[in-house]
1. For region 395-421, which positions are charged (D, E, K, R) and either surrounded by fewer than 24 Cβ atoms within 10 Å (Cβ to Cβ) or at positive phi (or both)?
2. Checking Lys235 against (1) surrounded by fewer than 20 Cβ atoms within 10 Å (Cβ to Cβ); (2) touching a residue at least 12 places away in the same chain (Cβ under 8 Å); (3) among the charged types (D, E, K, R); (4) in contact with a strand residue (DSSP E or B) (Cβ under 7 Å, 6 or more places away or on another chain): exactly one of these is not met. Which one?
3. Could you check, for region 150-163, whether at least one of its residues is within 30 Å of Arg46 (Cβ to Cβ), crowded, with 23+ Cβ neighbours inside 10 Å and among the charged types (D, E, K, R)?
4. Going by the structure shown, is Val310 within 30 Å of Ala449 (Cα to Cα), aliphatic (A, V, I, L, M) and either touching a residue at least 12 places away in the same chain (Cβ under 8 Å) or in contact with a Cys (Cβ under 7 Å, 6 or more places away or on another chain) (or both)?
5. Please name all residue pairs, on different chains or six or more residues apart, with Cβ atoms under 8 Å, provided the first residue is in region 277-296 and is in the same structural domain as Asp232 (by TED's automatic domain parsing) and in contact (Cβ under 8 Å) with a residue 24 or more places away in the chain and the second residue is among the polar types (S, T, N, Q) and assigned to a strand (DSSP E or B).
6. Restricting attention to region 100-120, does a residue exist that is outside the structural domain of Gln332 (by TED's automatic domain parsing), within 26 Å of Lys231 (Cα to Cα), at pLDDT below 95 and not small (Gly, Ala, Ser)?
7. Residues that are farther than 23 Å from Ala133 by Cβ: which strands (runs of 3 or more DSSP E) entirely in region 237-327 hold 2 or more of them?
8. Could you grab me the full set of residues in region 109-139 that are closer than 21 Å to Phe163 by Cβ and in contact with a Leu (Cβ under 6 Å, 6 or more places away or on another chain)?
Amino acid sequence: MYRLQIAAMMAVLLFFSTAWNVVCHAAERRPRGWAREGALGWAPERVSDSLPLSDQGNAGDWLRYEPMSDEFAGAVLDPDKWWPRNPRWLGRQPACFLPDNVTVSGGKLHLTMRKQEVPETLKKKGYHTYTSAAVQSKSTVKYGYFEIKARPMKSHGSSSFWFYWNTPDRWTEVDVFEIGGGAPGFERKYNMNVHVFRTPTEKEHWSMHAAWEAAADLADDFHVYGLEWGKDKIKWYFDGVLVRWVENTHWHQALTLNFDSETMPKWFGLPRDEDLPSTYSIEYARAWKRRDAPELAALLDRVVERMESVFGENAGLIDHTMKVYGYAQEIQLRKGGDPCIVKVAALLHDIGIPKAKEKHGSSAGRYQEMEGPPIARKILTDLEVEAAAIDHICRIIANHHSAADPDTVATVEFKAVWDADWMVNFPRRYRDKSDAERQRLVDEIFMTAYGKRLARDRFLK
């Protein structure tokens, strides 16, 4: 029996290595996990839309996370939250993503696949015959609970809900589902996966797939699909019931949220003409984050202690810092980003002021940016914060007046701290300006839509 189980497992790994061009590693290198087999069993009833379906009692202490929540109640996609495409990828050949295939109507987001010739510029890149659709979040996220109510398209085209991001040294992915709603043999399969493409220590792509079979075709109705992504485990839910978990050994990178439809010739087969156009519809996307985990709360307490120690008796600096911290928390909840990086950077953004005054006789911004990062790095290294987070926080501090480094300025974490700092500084600096001039300055200075709104509400008559 044991040999049969091993043989079956290796057959599955071989299939997915072919489908995804994955290098399969020995079983002992894979995270531990579990996947449901058979009937779903009892499913919870929805009592409140403000909480995940699987946790209506809020045992997880969830808070709504606005950057990745949308009820799709308007007539167009919210441009503050979503791209109507994938800015980094044109799609899986032969179908290419076209923004025209993304629509919002009837309280739902729709992604459509069509038999349609592609633009000439894309034909040269290997795309042809089909067009499809993609939506990507404008912010990244690490950890949380993510839930959608969706009906997959009924064709060989995929309907997918997934997270990914890549940098030169790290590329990971979590697939909540990839469903072939009209592909023979896949109509009821809830395909779930995690991928590691590269890390600082691993250079070969591997994945860990599982599938649960529903009692009816998934494209026949709307169902609730959920992902609980935690530091220790990743869990998948169907209609509020746990269907899979995987030990989180690798997926600690901030990722974008994605919806898309792709042609998958090697897996689902190419779409049949009679099934097109076909549409993947999403009734809502809801996201939550836990209140600060105990370890983050403890870290923030220690950072506050170090900040107060550096500032000494300067109550004005401490008061300014805590006001910036409060605004940064609010903006981060609305616009996303790593809460640890945003909150710690807010607490330490002015940490170089005493040293700048001592060494240069001035607290000018350029001296703060020069003296602050080494002090912050020493504090955070002593507190055993991970190196990548320290680097990001120090870059924010080194740019919080000049905004000189475009790569740092482009991050949502920098923008949150920048806008929070200006929420405190703006009235002191521009109190004597006319309302029209303050309006111009708000539009010019603040980087996030939410920051602009806060500033208008507070500083304009």
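The values are calculated or read from the model by the stated rules, or taken from the named source; none is laboratory data. Everything numeric here is computed off the predicted structure, so don't read it as measured data. Virtual Cβ from ideal backbone geometry, glycine too; neighbours counted across all protein chains shown.
1. Those that are charged (D, E, K, R) and either surrounded by fewer than 24 Cβ atoms within 10 Å (Cβ to Cβ) or at positive phi (or both): Arg395, Asp405, Asp407, Asp421.
2. (2)
3. There is no residue in region 150-163 that is within 30 Å of Arg46 (Cβ to Cβ), crowded, with 23+ Cβ neighbours inside 10 Å and among the charged types (D, E, K, R).
4. no
5. Hits for this filter: Pro277/Thr112; Ser278/Thr112; Thr279/Thr112; Tyr280/Thr112; Tyr280/Ser159.
6. no
7. Of the strands (runs of 3 or more DSSP E) lying wholly inside region 237-327, those with at least 2 residues that are farther than 23 Å from Ala133 by Cβ span 241-247, 278-290.
8. Ala133, Ser137
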